[in-house]
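Peer 1: Got a structure for you, questions after.
The values are calculated or read from the model by the stated rules, or taken from the named source; none is laboratory data. Small disclaimer: the values here were computed from a predicted structure and weren't measured. Note that we place each Cβ from the backbone using ideal geometry, even for glycine, and neighbour counts take in every protein chain shown. When the accessible area is computed, the model is the full protein with side chains, heavy atoms only, and any ligands, DNA or RNA have been set aside. Shrake-Rupley method; radii C 1.70, N 1.55, O 1.52, S 1.80 Å.
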Amino acid sequence: SITATTGGNHYVYSGLTVEPTRRHDPFGVVFDVLFDRRGDLLYNGLGNHTYSDAPAGRYLMNALEARLALRLRVLPWLRLYGTLSNAIKRFDNGDRLGGDPGVFFVYDPTTIPGFTDGTTFVRASLGVVLDLRNDVTRASSGFFAEATWDYTHGIAGARASYDRVRGLIAVPINLWARSHVLWLQTATWLAWPRDNRPIPFSELPTLGGPNDLRGFRFQRSEEHTSELQSHHD
């Protein structure tokens, strides 16, 4: 399959996916190459803040990633998978959107780990999925859990070495006739370095992930977290 979308010069997403095995086979292989260019990503974190009236800034990312994934269906409700990937990410000043200026007007980019020179890495990951839902597409009862560990090693000058662990647990609750279902989900994501080199900012956990919190603007959850923390202090 081939995917290609664009929203202008600073917004391009394209992907090539090859899956020679059937999706319902016990063993599966997937290879894909992805390119993602976005100029509206929001940064609000580490680094020297230079413009106090705008705590968040927009940055541009160019990311090229190739991945080879292996999938093993041990039981109908238990899957194991492993992935090898190689990625290149480069960053620059972003577009002014939603009242947020480019990141260069808010932070000193030289103080943001991995921003100036970008990051290039190889990554290996292992994961397990436990799916006890009564229906994959219209679940009204059951249980779903997923856990992933990955190890990343920087190459081509970016020598950071670090581990990341992600976990997710979800339960569907049937409110009425399977037409109204409440999906309760909790997730955690941890990252820690293996040496004294900082983890690139783009590979750190983001509260809620980039797409999970539908009630918030894209990548806005960190700002609300900062506000809550300041009130707590």
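Peer 1: Being at pLDDT below 95 and surrounded by 16 or more Cβ atoms within 10 Å (Cβ to Cβ) is the requirement here; does residue 44 meet it?
Peer 2: So residue 44 fits the description; yes.
Peer 1: Now, a different point. Just checking, does segment 124-140 include any residue being more than 28 Å from residue 19 (Cα to Cα) and modelled with pLDDT under 90?
Peer 2: Yes, that holds for at least one residue.
Peer 1: Quickly run through segment 148-172 and pick out the residues that are closer than 30 Å to residue 138 by Cβ and open to solvent by 60 Å² or more (accessible area, probe 1.4 Å). Steps first, answer last, please.
Peer 2: Quick first cut of segment 148-172, residues closer than 30 Å to residue 138 by Cβ only: 148, 166-172.
Within segment 148-172, 166, 169 meet the criteria.
Peer 1: Within segment 58-72, is there a residue that is modelled with pLDDT under 95, touching a strand residue (DSSP E or B) at 6+ places or on another chain (Cβ under 7 Å) and over 20 Å from residue 202 (Cβ atoms)?
Peer 2: No, segment 58-72 has no match at all.
Peer 1: Quick check, is residue 142 farther than 18 Å from residue 204 by Cβ and either open to solvent by less than 70 Å² (accessible area, probe 1.4 Å) or of a type in the set (Asp, Glu) (or both)? Even if it seems obvious, please write down each step before you answer.
Peer 2: Values: farther than 18 Å from residue 204 by Cβ: yes; either open to solvent by less than 70 Å² (accessible area, probe 1.4 Å) or of a type in the set (Asp, Glu) (or both): yes.
For residue 142, the condition - farther than 18 Å from residue 204 by Cβ and either open to solvent by less than 70 Å² (accessible area, probe 1.4 Å) or of a type in the set (Asp, Glu) (or both) - is met.
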